[in-house]
1. Dividing the alpha-carbon Rg of the range 31-72 by 2.2 N^0.38 Å yields what?
2. Tally Lys/Arg at +1 and Asp/Glu at -1 over every other residue whose Cβ is under 12 Å from the Cβ of G240; what's the total?
3. Can you pull the accessible area of R226 for me, 1.4 Å probe, Å² to the nearest 10?
4. In what sequence, largest accessible area first, do M189, M433, M439, M183 appear using a 1.4 Å probe?
5. With all protein chains present and a 1.4 Å probe, how do V220, V411 order by accessible area, largest first?
6. 7 Å from Cα along Cα→Cβ at both Q204 and L75: what's the point-to-point distance in nm?
7. Any idea what the dipole of the range 370-443 comes to, in debye rounded to 20, about its Cα centre with Lys/Arg Cβ at +1 and Asp/Glu Cβ at -1?
8. If I stretch the segment between S408 and D387 completely, what's the gain in nm (0.36 nm per residue apart, minus their alpha carbon distance), one decimal?
Amino acid sequence: MSDPTSTTSFLPLDVLFNNPLFAGGIGLAGLGAAAALARRSAIKGASLIKRRLLADVEISKQDASYPWILAWLALPRPPGGFVTSKLTRIHQFSMKTMAGAVPNKPKHTQFFLQPGYGRHIIRHNNAYISVNREKQSTANHTTGEPHEIITLTSLYAQRHIFEDIFGEAHQLAISAHEGKTMMFASRGMDWEQFGDARKKRPLQSVILDKGVKERIVGDVKDFLQRQNWYVDRGIPYRRGYLLYGPPGSGKSSFIQALAGELDFGVSIINLSERGINDDKLAYLFTKIPARTILLLEDADAAFINRRKPDAEGYSGANVTFSGLLNALDGVAAGEERIAFLTTNHIDRLDEALIRPGRVDVTVRIGETTRYQAAEMWNRFYGDIDHDGNGRKRFLDKLVELDLIPNESGVVKPKLHTSAAAIQGLFLFNKDNMEGAIEMAEGLIPRIYEPEPQKGIKVSA
Ligand SMILES: Nc1ncnc2c1ncn2[C@@H]1O[C@H](COP(=O)(O)OP(=O)(O)OP(=O)(O)O)[C@@H](O)[C@H]1O
Ligand SMILES: [Mg+2]
């Protein structure tokens, strides 16, 4: 016998399932759930496949390779004779403008297209690579610039292509800087490349008094070969040089040329820069860019017009004397370093700065000597003054003007001139040596300098 209550309890369900509307609804819901499940598994599967099959490389803007990779990505190359872009599918570019000097053109500007932000696909050696350049939501504390990364993705099986790309990009960067000197400047708490790499200045183009240049270059080269000697003896591998003398005598030019000769860059700190203080200076000294000469121009500037420390000992945003000494050889000072300090006023520097370990070699780059004047003449007019007659008349004129000693060197001149002034005179009279001789009066300085002291002092 059937139970009437149970019959009644089944009846509505039957009715329900027999109802085409309800059955259709259930069917749809089931389909929806199945689709959602499938979608979720597909996403999981895709990310699994992605993890197993793809390889990613992230390059942050802070990394030295970032600009190389950008430059490599923008490189045009000629497949089959056609100059087309390596970027097979990049449609969005951003512009990079570089101004530079080109002979016979007053101003020259170069434009580079580089991949813009977003995702791009490129092909390299038959491998497809996805390039994603993006700005991040975090920013550099000191400059406020957002962090940036480039992510390169390729098939896992083709991951070796990355080594290839980085190798090529590095080579490209090296060849772009060949024959050039990179300059770095402090920006906030960081070092940044300062302007475009400059063409190397040849060492022969800086004319110092006889033997001076050779002596300094020899000393630096000797230092560079002696790293083990320093390490074995537990001495920090550092050497400091101080070049002092009147303006326009070639101090900065020489350091620039020396960097080129050694294939080094130059890292410049301006001690009188606003915002620089002892802590920043010490920090910057610990992370000087590799293979660069540290250049502290106008080393005396940090000590003049300095504010007196307030009650808390704070002396404003300036470097203090002890701050500079500590940066140069305190415990936190970087282990490896070549530093050059320049000043026009050695008398304003403290003895403590010029002690070995901080400054090991002190050289006066003084007023132009007879030797320098003759050498500069040769560089400018050597090819037209074949018999040296022009040079003789020029030097005689300088003796007459009391700017250089006579040939025997007995009579000391009362006036002095700078190499910068001679360069200016020769530049004004390009290919016209008679004009240069005629206008030599212009070399007489309007401001009289005290009697120069000569010499190179090498300590330790
Ligand atoms: N000894 C030199 N040989 C060749 N060129 C020189 C020499 N001295 C100066 N010059 C030229 O004069 C200009 C100024 O020189 P530089 O800036 O090197 O002088 P400086 O000694 O650093 O002066 P300051 O003390 O004012 O910084 C440059 O264009 C440089 O080419
Ligand atoms: Mg200078």
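The values are calculated or read from the model by the stated rules, or taken from the named source; none is laboratory data. Keep in mind that what you see is a predicted model, and the values were worked out from it rather than measured. Counting neighbours? That spans all protein chains shown, and the Cβs are built from the backbone with ideal geometry, glycine included. For the accessible areas, the whole protein counts, side chains as well, though only heavy atoms, and no ligand, DNA or RNA atoms are used. Shrake-Rupley method; radii C 1.70, N 1.55, O 1.52, S 1.80 Å.
1. Rg over 2.2 N^0.38 Å, computed on Cα atoms: 1.98.
2. Net charge in that neighbourhood comes out at +2.
3. Roll a 1.4 Å probe over it and R226 shows about 90 Å².
4. Correct descending sequence by accessible area is M439, M189, M433, M183.
5. The residues order as V411, V220, largest area first.
6. 3.3
7. For the range 370-443, the charge dipole is close to 280 debye.
8. Answer, rounded to one decimal: 5.5 nm.
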